[in-house]
Every structure is written in C-alpha cells, then in structure tokens.
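> One structure coming up, written as structure tokens, with questions to follow.
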Amino acid sequence: MIVEEYFEDYEIGFTRTTFGRTISEADILAHAGHTGDFFPHHMDKEWCATQPFKRRIAHGTLVFSVGIGLTASTINPHAMSYGYDKLRFVRPVHIGDTIKAKATITQKRDHPRKPDYGYVHEAIEITNQSDETVLVCDHLYLVNRKEALAA
C-alpha cells in the first residue's frame, strides 16, 4: 500500500501495531547462513541444554530484522529510513516464540542543513507472545516537507 505523508503529516504519539510472526528453526538456520554467526547459543541444542537458558536463542539481529520487517506494510515515497539508534536486545527469543512490533512516533525535528526535509523519530518495541519486551530501538526517518522552511 502506498501512503503519501509529508513531515507535517506525522503526529507525535501515533502508534501502530503489527501482526505476529513465529520464529522457526528454519529462520535461525537461514540467518546463521546469511551472517556466518554459528555460535552455539543459536545452533547447538545439546550445548544450550547445559546452559542456564536451556534452549537455543534466536540471533538478536534476526529478531531485529523480522520485527522491523513486520512494520514495513506501507511505502511512503516522501520518507526513507535514516537508520536506527539505541538498539537493545532486552530478553531472548526462542524457537516457537511469536513476536510483534509496536511503532510510536516520538519526535519531529528540522534537518539542520536541508530546509526541505525533517527527521521523524519512531520508538520501536518488539514483544513476544507473553507481551514481554524482547527488543527496543529508535527508528529515524528522513521525510520531505510540503514546503521548505524559510532560510
């Protein structure tokens, strides 16, 4: 779906929540292959059974990728991702856990050098099936203005 929103259209406090997605063993295997991260925490069921967490843990970067992917339900030709800040893996995600994402607009600010753009900050919270927070981060968008600021 295409949504055309300019900087002025974003409202602080606006929140959207995604559907869930269950993390599978196949997800972990594919992610390990893509990234080269074959640490036993993710791959070795028997070793994990001897550790305090007892089960394999999904890669934090996998949880981030899937969680952010869940928020990508629209295309806005006036905005682009400018990056992510303050990324934290709050608690582990295991095979069979279902995650969902909540995104809340928290801040808008002018671009310091480009009067036809602004920054929009979005707080991302990814939770599991028990509504426990598993990951948080801040997402920044670079967004066109309807009208450039006066110089």
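> Need the full-extension length gain, Ser73 to Thr15, defined as separation in residues times 0.36 nm minus the C-alpha distance. One decimal, nm.
Full-extension gain reported as 19.5 nm.
> Tell me the relative contact order for the chain as a rounded percent, counting alpha carbon contacts under 8 Å between residues six or more apart.
The value is 30 percent.
> Can you give the extra length, in nm with one decimal, that the chain gains between Lys114 and Tyr82 once fully stretched, where that is 0.36 nm per residue apart less the Cα-Cα distance?
10.1 nm
> I need the phi-derived Karplus couplings for region 11-25: 6.51 cos²θ - 1.76 cosθ + 1.60, θ = phi - 60°, integer Hz, Gly and Pro marked x.
Taking θ as phi minus 60°, the curve returns 10, 4, x, 5, 10, 10, 10, 8, 6, x, 9, 8, 7, 10, 4 Hz for region 11-25.
> Over 18 Å, how big is the tail of the calculated P(r) for region 16-85, in percent of all Cα pairs?
The proportion of pairs with Cα distances above 18 Å equals 51 percent.
> Which residues in region 109-139 have a backbone N closer than 16 Å to a point placed 7 Å from the Cα of Tyr6 along the Cα-to-Cβ line?
Flagged as within label range: 109-111, 115-120.
> Quick one: dipole size for region 1-69, taken about the Cα centre, charges +1 on Lys/Arg Cβ and -1 on Asp/Glu Cβ, in debye to the nearest 20. Walk me through the intermediate numbers first.
Numbers: 6 positive and 10 negative charges, 127 e Å.
Computed about the Cα centre, the dipole is about 600 debye.
> Determine Rg/Rh for the chain; Rg is computed over alpha-carbon atoms and Rh is the Kirkwood hydrodynamic estimate from the same atoms.
Across the chain, the Cα-based Rg/Rh ratio is 1.07.
> Then there is this: Given 0.36 nm per residue, what is the gain on full extension from Gln107 to Asp138 after removing their alpha carbon distance, in nm?
Result: 10.1 nm gained on full extension.
> Follow-up question, since we're still on this one. Cut-off 10 angstrom, C-alpha nodes, Gaussian network model of the chain. Which of Thr35, Thr18, Thr104 fluctuates the most?
Comparing Thr35, Thr18, Thr104 in a Gaussian network model of the chain, the most mobile one is Thr35.
We did not get these values from a lab; they are worked out from the coordinates using the rules stated. Keep in mind that this is a model prediction, so the values were computed, not measured. All Cβ positions, even for glycine, are placed from backbone atoms using ideal geometry, and neighbour counts span all protein chains on display.
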